[in-house]
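Report on the following structure.
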Amino acid sequence: MGTFAEKLEVARVLYRAGVLKPLGPGKTLRIVRAAKGWGRSPAMGFIALAIRQPDTPAVIDDDGSATFDEVNRRSNALARGLQEAGMRAGNVVGILCRNHRGFVETILACSKVGANAVLLNTMFAAPQLTEVGRREKVSALLYDEEFANLLEGFQGIPRFIVYGSGSDPSIDDLIASHADHNLDPPSIESRFTMLTSGTTGTPKGAMRGSPKGMLPVASLLSALPLRTGERTMVAAPLFHSWGLGQFQLGLVLGTTYVMTRRFDPEATLRMIVDHQCTSLAIVPVMMQRMLALPDEVKRKYDLGSLRVTAASGSALPGHLATEWMDTFGDNLYNFYGSTEVAMASVASPEDMRAAPGTAGKVPLGTVVRILDERGEPLPTGQTGRIFVANAMSFEGYTSGEDKERLGSLVSSGDVGHFDENGRLFVDGRDDDMIISGGENLFPREVEDLIAGHEDVEEAAVIGVSDPDWGQRLRAFVVLKPNAKLDESAVKAYVKEHLASYKVPRDVMFIDALPRNATGKVLKKELER
C-alpha cells in the first residue's frame, strides 16, 4: 500500500471509530497547545481527554469510579511528589501493581516526570523481582502493599504504596500534599520496559516508547469494531503488553477502563453487565475459567452489550474459541503477537469459525513473512520462521541484546504458515521443534488435539530424549472433573487423528499446568 493510500486508509479507519470528530474551538486550541510540549506520551493522551470529557468516568474499579479530570489532577500531584522524592526525567521507576486506578495514576505520573516505567510481574518471586530491579537499575518503587514481603532487594530507594497501607508512605500521602495543576513537560519522553514471559528462561526487559503516529492505533481499529467513548473491561494484567496496549488504545478512544484487582470469572461477567461494557480485554486462560462456570451461573448474565472480546497473551486453541463463541456469541477477536513484535495478526470471529486455531490475517500497516533458515520466503502452506514489521515493534532489550532482525522485520520467535486464504497459523516456538525418527515435529498440534478432547481440561506437550527415535513427545494432561481417561486412551486418540510419530511416548496426568500471569505454560517447569 503506497504512502498516500495508507494515510487515506488510516484516516478512514479513525473516522469510522469516531476519533476524528470535531471539537469546539476552545477545547481544540487547548489540546493543540498541550500537544506541542507533551508529544505522543500517555500524559498527553490523558491531558487531552481531561479537556475533551472531564466529567466522564476514566476508571471504574473495586473502589468506585474516578473521572478523567480527577485522575489527571491526581497524577499531576503524584508526579510532583515523585519529583520531590528525587525522581527526574530518565530515571527508572518500578511498578508492581494489580489492575486498579492507582496503576493508571502511577503510569501517568511517570510519564509526566519523564521517568521510565518498568512494569513488574505480580507473579514473580522475591529473587526474580530482585534480579529485575538490579538489572534495570530501578531507583524508586511504587507497589501494592500485598507484595511488601517480596521487596528485600529494593532497600535504600524511595518506595511508595499504591494500594493498601504499610510502613512506607502511600501515593495518597504524596497526592494530598502536592498541587494538582498541570506540570511543564519533561525534557525527554518516558519509556516503558515490559518483561518477556520468561517461559523459556529469565525474563528480559523489552523497551518500548509511545506509538509512532496514528498508524498503530488505526492498525488495531482496522481489526476491531470499537468506537470512541465506550467502556472496556480490562481483565488482562496491565503490566503485560496486552493490558498496556488496551490502556494506550483507550487514550485515543476516550475509553472508560473497567477493572478489578483480582480476576474472578463470575465477577468479570457481572462487571460487564453492570457497566454495559462493549469490549473485554482478556487472556485465554481467563476465558477457560469463565467457560468452566456452571451453566446456571453463565445464564444469569446477559452479555448483549459485549461486541468485542479481544484475546491475546498466549495461544488460543481452536476448541476454546469455538466454545466461547457458542456460549457468549461471535464477538471473539484473537490477537497474535509478542512483547517484541507487538501485533502481527488478528483472527475475526469469521476466521475462527472457518478455520479454528488460526491466528488470523495481517492488519493494516503490518507485514508478516514466513522465512526459511536462510531468510528466504517460503510458499503458502509451508512452515517457517515468522518475521514481523510494523510501527509498534520494540526498541531492543535493556541488556543491549536484540531479537534477530532482517531489515525492518523482527523475529517473533515462532514458526508458522499461511493458508490459501491468507490466514496465519502458529505451529509452535522455533526452539520447540524436535526431530523424531527423522521427522520435524512441533508439539503445538498435538497439544491442541488433546486439549480438544471432551474429557480434557488442558494439555501441554514437550520433547524428551528417546534412545530409538532420538526424541519423542511427552504429554501432560489435566482432566475435567470425574473424567476417566487413561494413558492408552490418550495415545489412541492421537493416533486416530495424527501420524503415528506424533503419538506421545508418555502421558502424565497432573492437577494443573504451571502458568505465568498471562496464562502461558511454563514448560521449563514441566521438564524438571
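Here are the numbers:
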| item | result |
| --- | --- |
| Residues that are within 16 Å of Ala310 (Cβ to Cβ) and of a type in the set (D, E, K, R), drawn from the range 339-383 | Glu350, Asp351, Lys361 |
| Output for the range 220-254, where each listed residue is hydroxyl-bearing (Ser, Thr, Tyr) and surrounded by fewer than 24 Cβ atoms within 10 Å (Cβ to Cβ) | Ser222, Thr228 |
| Unique residue being on the phi < 0 side of the Ramachandran plot, assigned to a loop (DSSP other than H, G, I, E, B) and touching an Asp or Glu at 6+ places or on another chain (Cβ under 7 Å) when the list is Ser399, Ser393 | Ser393 |
| The range 140-158, residues that are buried (at least 20 other Cβ atoms within 10 Å of the Cβ) and of a type outside the set (Phe, Trp, Tyr) | Ala140, Leu141, Leu142, Asp144 |
| Number of positions in the range 1-29 that are at pLDDT 85 or above, small (Gly, Ala, Ser) and exposed (fewer than 13 other Cβ atoms within 10 Å of the Cβ) | 2 |
| Count of the range 278-293 residues which are part of a loop (DSSP other than H, G, I, E, B), over 19 Å from the mean Cα position of the chain (by Cα) and at pLDDT 95 or above | 1 |
| The range 397-417 - residue that is touching a residue at least 60 places away in the same chain (Cβ under 8 Å) and surrounded by fewer than 18 Cβ atoms within 10 Å (Cβ to Cβ) and, of those, nearest to the chain's Cα centre (by Cα) | Tyr397 |
| Which numbered condition Gln382 fails, given (1) under 25 Å from Met194 (Cβ atoms); (2) modelled with pLDDT of 85 or more | (1) |
| Residue within the range 83-98 that is surrounded by fewer than 23 Cβ atoms within 10 Å (Cβ to Cβ), in the same structural domain as Ser165 (by TED's automatic domain parsing), more than 25 Å from the chain's Cα centre (by Cα) and assigned to a helix (DSSP H, G or I) present | yes |
| Residue pairs meeting the criteria (Cβ under 8 Å; at least 6 apart or on separate chains; first in contact (Cβ under 8 Å) with a residue 60 or more places away in the chain and in the same structural domain as Lys298 (by TED's automatic domain parsing), in the range 315-342; second among the acidic types (Asp, Glu) and assigned to a strand (DSSP E or B)) | Ser338/Asp414 |
| Tally, over the range 334-373, of residues that are at pLDDT 90 or above, surrounded by fewer than 14 Cβ atoms within 10 Å (Cβ to Cβ) and in a loop (DSSP other than H, G, I, E, B) | 1 |
| Candidate set: the range 1-58, residues that are among the hydroxyl-bearing types (Ser, Thr, Tyr) and in a loop (DSSP other than H, G, I, E, B); chosen: the one farthest from Phe247 (Cα to Cα) | Thr56 |
| Subset tally (residues that are of a type in the set (Val, Ile, Thr), surrounded by 15 or more Cβ atoms within 10 Å (Cβ to Cβ) and more than 19 Å from Ala79 (Cβ to Cβ)) for the range 30-66 | 3 |
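The values are calculated or read from the model by the stated rules, or taken from the named source; none is laboratory data. Computed from a prediction, not measured in an experiment: that's the story for all the values here. In this analysis, Cβ positions are derived from the backbone assuming ideal geometry, glycine residues included, and neighbour counts consider all displayed protein chains.
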